[in-house]
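The values are calculated or read from the model by the stated rules, or taken from the named source; none is laboratory data. No experiment lies behind these values; they were computed from the predicted model shown. All Cβ positions, glycine included, derive from the backbone under ideal geometry; neighbour counts span all protein chains shown. Quick note on the areas: whole protein, heavy atoms, side chains included, nothing else; ligands and nucleic acids left out. Shrake-Rupley method; radii C 1.70, N 1.55, O 1.52, S 1.80 Å.
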Amino acid sequence: MRLLGAVLVFLVAVAAVVWLSLAVPSEGVTLPCPGGSIGATGPTGPTGPTGASGPTGATGPTGAGGAALLYDSGEIGVDGPIDSGAGGFSTSLHTLIILLYAQRTGSTANNVAVQFNNDGGADYDCQWFEMQDTARTGVRQAAQTAFNCPLSSPSTVDPPTFAVTRIEVPNYGSTAANKSGVFQAGAFNGTTAGDTIIRQGQIRWRGTAALNRVTITDTLKAGSRLVILGF
């Protein structure tokens with residue numbers, strides 16, 4: 001009986017040790033611990049207000065406008081008139097610039113006859129102020145068969161010196177109005193430095209057709225030139 005009781009006591013002790021080893025973890029052993037579920041993501045907050053726009057930068061400078069070359073006779077090789085041609089040139093631009101570099105046979109400066117659109121009728125009016133050396137005069141010509149205000153230098157000047165005339169005609173493509181313009185001209189009238197002529201004035205062509213042809217009807221010396229620009 002004593003032996004049986006001792007065995008029972010031993011078995012109870014062993015069972016107690018086993019139970020304690022399972023219930024209490026030894027040092028350094030991590031026991032699993034199930035975590036809770038992750039909560040749902042909260043709603044996105046409202047978007048903040050848009051910041052104020054910065055100031056607009058200054059506008060850059062406008063580029064210079066270009067001119068269209070409508071006609072260039074080049075320096076004529078032999079004496080004669082100059083005609084921009086019956087085919088005409090573009091009338092889609094606003095302002096016509098006529099540049100004439102002219103010399104004629106003779107010992108003094110001369111007028112140069114200019115016609116528009118091959119019109120030989122009495123349809124040309126012009127008026128100008130003129131200064132020759134130190135003398136000042138005014139000239140008016142009405143109902144002429146050409147403008148006679150442009151200038152040519154004399155052929156006796158050596159080396160050759162060409163007179164310069166600039167005629168400006170706005171709205172030259174109009175088909176409802178006469179063509180008006182302004183001009184400037186200058187020429188050496190001899191061989192001395194003060195022997196010059198300067199002109200400035202106004203022109204009118206009594207024509208309502210679009211201006212698309214310019215003719216110099218006088219005989220100019222070789223080297224003269226007609227250039228026509230449009231803006």
Restricted to region 64-82, and to residues that are under 19 Å from residue 169 (Cβ atoms) and aliphatic (A, V, I, L, M), which residue is most open to solvent (accessible area, probe 1.4 Å)? 69
Total residues in region 83-105, condition buried (at least 18 other Cβ atoms within 10 Å of the Cβ), more than 22 Å from the chain's Cα centre (by Cα) and in a strand (DSSP E or B): 5
Restricting to region 106-131, name every residue that is buried (at least 17 other Cβ atoms within 10 Å of the Cβ) and of a type in the set (S, T, N, Q). 110, 111, 115, 117
Is region 103-112 home to any residue that is touching an Asp or Glu at 6+ places or on another chain (Cβ under 6 Å) and of a type in the set (Val, Ile, Thr)? yes
On the basis of being closer than 24 Å to residue 200 by Cα, in contact (Cβ under 8 Å) with a residue 40 or more places away in the chain and touching a Ser or Thr at 6+ places or on another chain (Cβ under 9 Å), does residue 95 make the cut? no
Quick check, is residue 227 assigned to a strand (DSSP E or B), of a type outside the set (Gly, Ala, Ser) and on the phi < 0 side of the Ramachandran plot? yes
Give the number of residues within region 106-116 that are among the β-branched types (Val, Ile, Thr) and assigned to a strand (DSSP E or B). 1
With a cut-off of at least 1 residues that are out of contact with any helix residue (DSSP H, G or I) (no Cβ under 8 Å at 6 or more places or on another chain), crowded, with 17+ Cβ neighbours inside 10 Å and among the small types (Gly, Ala, Ser), name the strands (runs of 3 or more DSSP E) lying wholly within region 143-223. 151-154, 163-170, 179-188, 196-205
